[in-house]
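Let me begin by presenting the structure, written as structure tokens, before commenting on it.
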């Protein structure tokens, strides 16, 4: 066959695959890169994992990457530089904090142009150790081909302590986390500028309410707040559960089989879905696939969630 015909066939196949890929794909991932300003590591294999992260993520071909727990400022620059090499020219800049404060740990990396970065810090902490960070949310506008400017949010709520003897989570810490979710909902409603809004978030709570050591068949308060219609809720849909259901803890991103999770402070917590990609129910986008990723092998104590939209 003539080489030009072979080349044309390859280009046609590439175009078909690009159409099948969908209009937009978004990844959310808690990276567990816990290095303090004093250089003390609170997680395992940090240098090795941060080196592997760009290639592992780029292999999934997301258009927009929402990262949590990028606490160490040199890691932010390293990731921005390495993602630039593999086709992601845009990255958010962190706010500057005191030398003992670790900031919000949030970073957005994108193939597409970013604009209008905004920050929100929660007014309340869950656990005592969370006073040394400034958890909250960030928002950017992203210029997506054929869609125009859309709103992208990245957030991380506070962790809570699990009492293995009582088989319950610390109640006052849970209430503080719910206050954070209320602030997040309010801030989203105040800052949205587009009918298309996507939220990647580590809610630090399963989608179902936990009581007496088991998950009940009712939503957790924080999850319900995200999926309830405006103005009482944020007006989002959970892309993973919409496409895959929730049977057998589908979409579990904080899994007890993860060796990194077992080595961490929260290793005895129940298996849970903590990480979500939400889509505003006003959006013309439709989620067509959503999957748990970065799990084989694990790259963090969390797994990621990748959703593709048309």
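Total residues in region 194-242 satisfying the condition of being in contact with a helix residue (DSSP H, G or I) (Cβ under 7 Å, 6 or more places away or on another chain), closer than 22 Å to residue 306 by Cα and surrounded by fewer than 19 Cβ atoms within 10 Å (Cβ to Cβ): the figure is 1. Taking residues in region 22-36 that are on the phi < 0 side of the Ramachandran plot and outside any loop (DSSP other than H, G, I, E, B), and partners anywhere that are at pLDDT 95 or above and surrounded by fewer than 20 Cβ atoms within 10 Å (Cβ to Cβ), the pairs with Cβ atoms closer than 6 Å and at least 6 places apart or on different chains are 33/46; 35/46. Of the residues making up region 285-310, those that are touching a strand residue (DSSP E or B) at 6+ places or on another chain (Cβ under 7 Å), assigned to a loop (DSSP other than H, G, I, E, B) and more than 23 Å from residue 129 (Cβ to Cβ) number 5. In region 282-310, the residues that are touching a residue at least 12 places away in the same chain (Cβ under 8 Å) and at positive phi form Cβ pairs under 8 Å with partners that are surrounded by 20 or more Cβ atoms within 10 Å (Cβ to Cβ) and outside any strand (DSSP E or B), at six or more places apart or across chains, as follows: 294/57; 294/300; 294/303.
I'd like the full set of residues that are at pLDDT below 95 and surrounded by 14 or more Cβ atoms within 10 Å (Cβ to Cβ), limited to region 1-35.
21, 22, 23, 34, 35
Of the residues making up region 243-282, those that are closer than 16 Å to residue 308 by Cβ, modelled with pLDDT of 90 or more and buried (at least 20 other Cβ atoms within 10 Å of the Cβ) are 276, 277, 278, 279. Within the set 65, 108, 138, 124, the sole residue that is in a loop (DSSP other than H, G, I, E, B) and either within 22 Å of residue 276 (Cα to Cα) or in contact with a helix residue (DSSP H, G or I) (Cβ under 8 Å, 6 or more places away or on another chain) (or both) turns out to be 124. Does region 168-182 contain any residue that is assigned to a strand (DSSP E or B) and surrounded by fewer than 17 Cβ atoms within 10 Å (Cβ to Cβ)? Checked region 168-182: at least one residue is assigned to a strand (DSSP E or B) and surrounded by fewer than 17 Cβ atoms within 10 Å (Cβ to Cβ). Only one entry in 115, 129, 151 is in contact with a strand residue (DSSP E or B) (Cβ under 7 Å, 6 or more places away or on another chain), without any contact (Cβ under 8 Å) to a residue 40 or more places away in the chain and at negative phi, namely 115.
Is region 102-111 home to any residue that is in contact with a strand residue (DSSP E or B) (Cβ under 8 Å, 6 or more places away or on another chain), modelled with pLDDT of 95 or more and surrounded by fewer than 21 Cβ atoms within 10 Å (Cβ to Cβ)? Scanning region 102-111 turns up at least one residue that is in contact with a strand residue (DSSP E or B) (Cβ under 8 Å, 6 or more places away or on another chain), modelled with pLDDT of 95 or more and surrounded by fewer than 21 Cβ atoms within 10 Å (Cβ to Cβ). Among the residues making up region 40-57, those that are in a helix (DSSP H, G or I), touching a helix residue (DSSP H, G or I) at 6+ places or on another chain (Cβ under 9 Å) and over 28 Å from residue 143 (Cα atoms) are 46, 49, 51.
Among the residues of region 183-193, the one identified as under 19 Å from the mean Cα position of the chain (by Cα) and not in a helix (DSSP H, G or I) is 192. Between 84, 79, 60, the distinction of being assigned to a helix (DSSP H, G or I), modelled with pLDDT of 95 or more, over 24 Å from residue 195 (Cβ atoms) and in contact with a strand residue (DSSP E or B) (Cβ under 7 Å, 6 or more places away or on another chain) belongs to 79 only.
The values are calculated or read from the model by the stated rules, or taken from the named source; none is laboratory data. Predicted model only: the values in this text are computed from it and were never measured. Because the Cβ atoms are built from the backbone with ideal geometry, glycine has one as well, and the counts that use them run over all protein chains shown.
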